[in-house]
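Report on the following structure.
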Amino acid sequence: MIPLDLVTALPELLLACLAMALLMFGAFRGDKATPTVLLLSVVTLVVLIGLIALGPRGEGTAFGGLFVSDGYGDFMKVLVLVGSATAMVMSLRYFEQEGVVRFEYPILMLFATLGMLMMISANDLISLYLGLELQSLSLYVIAAIRRDSLRSTEAGLKYFVLGALSSGMLLYGASLIYGFTGTTSFETLADVFAESAAAGHGPPLGVIIGLVFLLAGLAFKISAVPFHMWTPDVYEGAPTPITAFFATAPKIAAIALLCRVMTGPFGEFVAQWQQIVIFISIASMILGAFAAIYQTNIKRLMAYSSIGHVGYALVGLAAGTEEGVRGLVIYMAIYVIMNLGTWGCILCMRRKQIMVEDIDDLKGLSKSNPMMALALGIFMFSMAGIPPLAGFFGKLYVFLAAIESGLYTLAVIGVLSSVVGAFYYLRIVKLMYFDEPAEAFDRPIGREMTVILTGTSLLILLFFVVPGPLMSGAAAAVSALFAG
């Protein structure tokens, strides 16, 4: 008879065991094992997606309440695994072309993904921190994995230094919360705060300060303003497939954790944390809209774009309602698809086997590579929120949730920021379709990239035809979160 704890955490345990087995295999075979390790890593993630989405799971808590498994966690884990697996698939050809083949890369991605899954299922401040650090330490290394590149080394160092600062802030906040409540368990914290609210008492000042530090640490992980300073430099300096990974899976995990923390143990204190989330959301939307206008490097532009998108997603959390979190979950699912497709296009920007990253390199792409221009155009229109593409519906749901909660100013600022942000997305479309052609990119782009670009563009383009599966899945996930 398998213990219930092991069944509840089966995907995480399988991922940990397989990652360690692949580490041993790579250590004995060396870098020539990289293609095999990468393939097995992708297969592992695909199997885990099937296990989580289709397999019978034990729902509830495990390991003394440190770990929780529910429908919300399963939904967000599938998004993380899809982002991680797709980023891995996109990376093999890149590293072969760059002559940087290291078997440690996919294994570090597996350990980072394991940390993300632990973050999503964290039910205690201690397990939250362990998952966060397992993810972060792996990400620091893969950001600097190109040891011969000064930019990659600089990206890893900046990420490490600022990440250590954010971890310290988060840990200090957690220690304050523990000091004033005597517990780190989310369930016990929720009970303590509910009793306090029922008695007409507000939260202690120390808990509020601890919550602010906790939010600051988590805001760094989602690159929200004012903790965004690492994002443009790391996005630009890290190898492009690793940047694609940074832009998708870790953000999903951190947003999922943020929602669980705010609606779970601190669900009684919406009035206290709502104003912080509103400020972060507004600042992120405005900075993301205006700072990207002057960018000439497409990776830096996408960095500021991601900051803006985090701001839009936080509009749903700021609403403080089940409808708001449902809108946020839908938005993040669409965000992952848009970003994977966009980064796939960026990875195809090669001339004479050399990566190019300047936005002007996209000039006249519709004439030299019309299908890639069409795909990138779809992603840009979707990110700008142009109907009837998926990005429009993502923004619609979070803004509607804000309006239903009476946050009219936040919704208006969001819409105006979206209008400003549309400028730099549409500028890329203008360059591709209306400017004189630059030198053509290398072709072919590879079978795997063709599949990724075709699949993601069709999902974005045809979302309005069959929105049901995502809508019902998000609704079921969020209802499980609020029921817990």
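The values are calculated or read from the model by the stated rules, or taken from the named source; none is laboratory data. Keep in mind the model is a prediction, meaning the values are calculated, not measured. Every residue, glycine among them, receives a Cβ derived from its backbone with ideal geometry; neighbour counts consider all protein chains shown. Heavy atoms of the whole protein, side chains included, go into the accessibility calculation; ligands, DNA and RNA do not. Shrake-Rupley method; radii C 1.70, N 1.55, O 1.52, S 1.80 Å.
Contact annotation: residue pairs with Cβ atoms under 8 Å, 6 or more positions apart or on different chains, pairing a residue in segment 373-392 that is closer than 15 Å to Phe423 by Cβ with a partner that is part of a loop (DSSP other than H, G, I, E, B), are Phe381/Leu389.
For segment 259-304, a residue qualifies if it is part of a helix (DSSP H, G or I), open to solvent by 10 Å² or more (accessible area, probe 1.4 Å) and closer than 25 Å to Val78 by Cβ, and the qualifying residues are Arg260, Thr263, Gly267. Among the residues of segment 75-88, those that are open to solvent by 20 Å² or more (accessible area, probe 1.4 Å) and closer than 19 Å to Arg326 by Cα comprise Phe75, Val78, Leu79. On the basis of being outside any helix (DSSP H, G or I), in contact (Cβ under 8 Å) with a residue 12 or more places away in the chain, open to solvent by 20 Å² or more (accessible area, probe 1.4 Å) and within 29 Å of Ile120 (Cβ to Cβ), does Phe464 make the cut? Against the criterion (outside any helix (DSSP H, G or I), in contact (Cβ under 8 Å) with a residue 12 or more places away in the chain, open to solvent by 20 Å² or more (accessible area, probe 1.4 Å) and within 29 Å of Ile120 (Cβ to Cβ)), Phe464 qualifies. Going through (1) in a helix (DSSP H, G or I); (2) under 16 Å from Ala253 (Cα atoms) one by one, Ala33 falls short only on (2). Of the residues making up segment 115-134, those that are touching a residue at least 40 places away in the same chain (Cβ under 8 Å), surrounded by fewer than 24 Cβ atoms within 10 Å (Cβ to Cβ) and of a type outside the set (Gly, Ala, Ser) are Ile126, Tyr129. Within segment 344-356, residues that are small (Gly, Ala, Ser) sit with their Cβ atoms under 7 Å from residues that are surrounded by fewer than 21 Cβ atoms within 10 Å (Cβ to Cβ), at 6+ positions apart or across chains, in these pairs: Gly344/Met449. If you go through segment 386-414 and keep only what is of a type in the set (Gly, Ala, Ser), in a helix (DSSP H, G or I) and touching a Ser or Thr at 6+ places or on another chain (Cβ under 7 Å), you end up with Ala390, Gly391, Ala401.
How many of the residues in segment 145-170 are part of a loop (DSSP other than H, G, I, E, B) and in contact with a Phe, Trp or Tyr (Cβ under 8 Å, 6 or more places away or on another chain)? Qualifying residue count, segment 145-170: 1. Do we find a residue being of a type in the set (Val, Ile, Thr) and under 13 Å from Ser223 (Cα atoms) anywhere in segment 286-294? No, because not a single residue in segment 286-294 is of a type in the set (Val, Ile, Thr) and under 13 Å from Ser223 (Cα atoms). If you go through segment 337-370 and keep only what is open to solvent by 10 Å² or more (accessible area, probe 1.4 Å) and closer than 13 Å to Thr456 by Cα, you end up with just Ile337. Whenever a residue of segment 402-413 is under 18 Å from Glu322 (Cα atoms), its partners that are part of a helix (DSSP H, G or I) and charged (D, E, K, R), lying with C-beta atoms within less than 9 angstrom and at least six residues away or across chains, give the pairs Glu404/Glu323; Ser405/Glu323.
Starting from residues that are part of a loop (DSSP other than H, G, I, E, B) and at pLDDT 85 or above, keep the ones in segment 90-143 and report whichever is nearest to Arg350 (Cα to Cα). Of everything passing the filter in segment 90-143, Ser121 is nearest to Arg350 (Cα to Cα). Among the residues making up segment 214-239, those that are outside any helix (DSSP H, G or I), open to solvent by less than 10 Å² (accessible area, probe 1.4 Å) and not hydrophobic (A, V, I, L, M, F, W, C) are Ser223, Pro239.
If the condition is being part of a helix (DSSP H, G or I) and among the small types (Gly, Ala, Ser), then segment 415-446 contributes Ser417, Ser418, Gly421, Ala422.
Of the residues making up segment 159-169, not a single one is under 19 Å from Cys259 (Cα atoms), among the hydroxyl-bearing types (Ser, Thr, Tyr) and open to solvent by 10 Å² or more (accessible area, probe 1.4 Å). Among the residues of segment 50-71, are any open to solvent by less than 10 Å² (accessible area, probe 1.4 Å), farther than 25 Å from Thr243 by Cα, among the aliphatic types (A, V, I, L, M) and not in a helix (DSSP H, G or I)? So far as segment 50-71 goes, yes, one or more of its residues are open to solvent by less than 10 Å² (accessible area, probe 1.4 Å), farther than 25 Å from Thr243 by Cα, among the aliphatic types (A, V, I, L, M) and not in a helix (DSSP H, G or I). Among the residues of segment 28-38, the one identified as open to solvent by 70 Å² or more (accessible area, probe 1.4 Å) and modelled with pLDDT of 85 or more is Phe28.
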